[in-house]
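Beneath this line is the structure, given in structure tokens, with notes to follow.
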Amino acid sequence: DGVRSPNMTCQVIEDDVAFATVSGKALTVGAGVDGPTFSDGYWITLSAPPTADVIVSLGCADTSVFYTKQLLFTPDDWDRKYVAVNASLADPNILEGRTAMLTHSVASADAFFDGLAVSDVEIAVEFSVDSVPPPKLELVRFLDGGNGLDVLFDSPTNMIDGEWDIDCATLFEYAAQQFGADGTCAWTNSSALRVTFGAGAQIVPFDYVAATEKNAAWLKGGVLKNDLDGATLTSAAQYAEAQKPLHPVAPAVSITAPESVGVCDGVVLDARGATGGGSRALTYNWGVLTSWDAETDA
């Protein structure tokens, strides 16, 4: 009892969580009688630099879909890589669309990345007069203050009806639960949307270790088109993980309390003036930072 152990120096070998995110999980490519008419693509992003090369191999059972077959991430060039996809008609005599699935497998000498699971990507092959694909979710990121989201699309949208303000429920599934009952959505330009949370918002930043449906924004299908005249194709239903803010603002703590109290008096600490909860209630843990006892210590 009371014996101190010798000091110990510890070295942290790896404090990052290894995972990979896919920027677009529902693609649309065009196919015509003479071959592909328009392509689409997406980004694969690693969460941290690997200690060895990471090879992502792609596969698709549809032999008429053409895509980047392999991606190489290195310790010096690891952030994100682009996958390009296009397709032709499976049968030139059948002028109709179809769907295909693109899968990923990961191999690396870095044990944290080897065998990592990466989301599949659904591909809609469309026989269409459109010359470009419909918009898809590119990025969803928390605002630095935690009180909303920036939602980016990979191309300009028609903004549905051209109005800058839009009912969140028109675009997103679970809008009331994710963004709060009185959350608001407004376009900042034709390819970017700002979500401001209302009270009771439940969406939280993406956490690979304990990922849930609350970690993502869910776009409704059949709503958005690109901004070109005569566009017919609409965005597929899809989701994007809500990324952590780039420069999060720390909560500002404000505590009101008396400067001194009597030995047998109670004390009330009031922290209602604290800010930085991002439209959510702050949780407080109170404790004592000294073992001094007024009754026994002079």
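The values are calculated or read from the model by the stated rules, or taken from the named source; none is laboratory data. Quick caveat: nothing in here was measured; it's all calculated off a predicted structure. Methodologically, a virtual Cβ is constructed for each residue, glycine included, from the backbone with ideal geometry; neighbour enumeration extends over all protein chains shown. We work out accessible area using only protein heavy atoms, side chains counted, and drop any ligands, DNA or RNA first. Shrake-Rupley method; radii C 1.70, N 1.55, O 1.52, S 1.80 Å.
When segment 173-220 is filtered for residues that are touching a Leu at 6+ places or on another chain (Cβ under 8 Å) and among the β-branched types (Val, Ile, Thr), the ones remaining, listed by number, are VAL195, ILE203. Out of curiosity, is VAL121 of a type in the set (Val, Ile, Thr), at pLDDT 95 or above and under 25 Å from LYS244 (Cα atoms)? So VAL121 fits the description; yes. The set of residues in segment 253-298 being among the polar types (S, T, N, Q), surrounded by 10 or more Cβ atoms within 10 Å (Cβ to Cβ) and modelled with pLDDT of 75 or more consists of SER254, THR256.
Yes or no, residue by residue, for (1) within 21 Å of ALA124 (Cα to Cα); (2) without any contact (Cβ under 8 Å) to a residue 12 or more places away in the chain; (3) not in a strand (DSSP E or B):
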| site | (1), (2), (3) |
| --- | --- |
| ILE203 | no, no, yes |
| TRP218 | yes, no, no |
| VAL223 | yes, no, yes |
| ALA231 | yes, no, yes |
| ALA240 | yes, no, no |
| HIS247 | no, no, yes |
| SER254 | no, no, yes |
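For (1) in a strand (DSSP E or B); (2) modelled with pLDDT of 95 or more, each residue gets a yes or a no:
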site: CYS10; (1), (2): no, no
site: PRO36; (1), (2): yes, no
site: ALA48; (1), (2): no, no
site: ILE55; (1), (2): yes, yes
site: LEU71; (1), (2): yes, yes
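Output the residues belonging to segment 12-23 that are assigned to a loop (DSSP other than H, G, I, E, B) and modelled with pLDDT of 85 or more. ALA18, PHE19, SER23, listed by residue number.
Among residues of segment 73-90 being open to solvent by 60 Å² or more (accessible area, probe 1.4 Å) and not in a strand (DSSP E or B), the one that is nearest to ASP34 (Cα to Cα) is ALA90. Within segment 48-65, is even one residue of a type in the set (Gly, Ala, Ser) and open to solvent by 60 Å² or more (accessible area, probe 1.4 Å)? Scanning segment 48-65 turns up at least one residue that is of a type in the set (Gly, Ala, Ser) and open to solvent by 60 Å² or more (accessible area, probe 1.4 Å).
Against the test of being closer than 19 Å to LEU27 by Cα, open to solvent by 50 Å² or more (accessible area, probe 1.4 Å) and of a type in the set (Asp, Glu), the options GLU122, GLU163 yield a single qualifying residue, GLU122.
When segment 185-197 is limited to residues that are surrounded by fewer than 17 Cβ atoms within 10 Å (Cβ to Cβ) and either touching a helix residue (DSSP H, G or I) at 6+ places or on another chain (Cβ under 7 Å) or touching a residue at least 40 places away in the same chain (Cβ under 8 Å) (or both), the one that is farthest from ALA236 (Cα to Cα) turns out to be ARG194.
For VAL33, the test of being of a type outside the set (Gly, Ala, Ser) and crowded, with 16+ Cβ neighbours inside 10 Å is failed. Within this structure, LEU95 fails the test of being at pLDDT below 95, surrounded by 12 or more Cβ atoms within 10 Å (Cβ to Cβ), in a loop (DSSP other than H, G, I, E, B) and aliphatic (A, V, I, L, M).
If you go through segment 71-93 and keep only what is farther than 15 Å from GLY115 by Cα and either of a type in the set (D, E, K, R) or out of contact with any Gly (no Cβ under 9 Å at 6 or more places or on another chain) (or both), you end up with THR74, PRO75, ASP76, ASP77, TRP78, ASP79, ARG80, LYS81, ALA90, ASP91, PRO92, ASN93. I want to confirm something. Restricting to segment 100-125 and keeping residues that are touching a residue at least 12 places away in the same chain (Cβ under 8 Å), within 22 Å of the chain's Cα centre (by Cα) and not in a strand (DSSP E or B), which single residue is nearest to ASP62 (Cα to Cα)? Of everything passing the filter in segment 100-125, ASP120 is nearest to ASP62 (Cα to Cα).
Every residue, every condition in (1) of a type in the set (A, V, I, L, M); (2) touching a strand residue (DSSP E or B) at 6+ places or on another chain (Cβ under 7 Å), yes or no:
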{"site": "VAL106", "(1), (2)": "yes, yes"}
{"site": "LEU116", "(1), (2)": "yes, yes"}
{"site": "PHE127", "(1), (2)": "no, yes"}
{"site": "PHE142", "(1), (2)": "no, yes"}
{"site": "GLY148", "(1), (2)": "no, yes"}
{"site": "PHE153", "(1), (2)": "no, yes"}
{"site": "GLY162", "(1), (2)": "no, no"}
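Within segment 57-69, the set of residues being assigned to a strand (DSSP E or B), aliphatic (A, V, I, L, M) and either out of contact with any strand residue (DSSP E or B) (no Cβ under 6 Å at 6 or more places or on another chain) or closer than 21 Å to ASP114 by Cα (or both) comprises LEU58 only.
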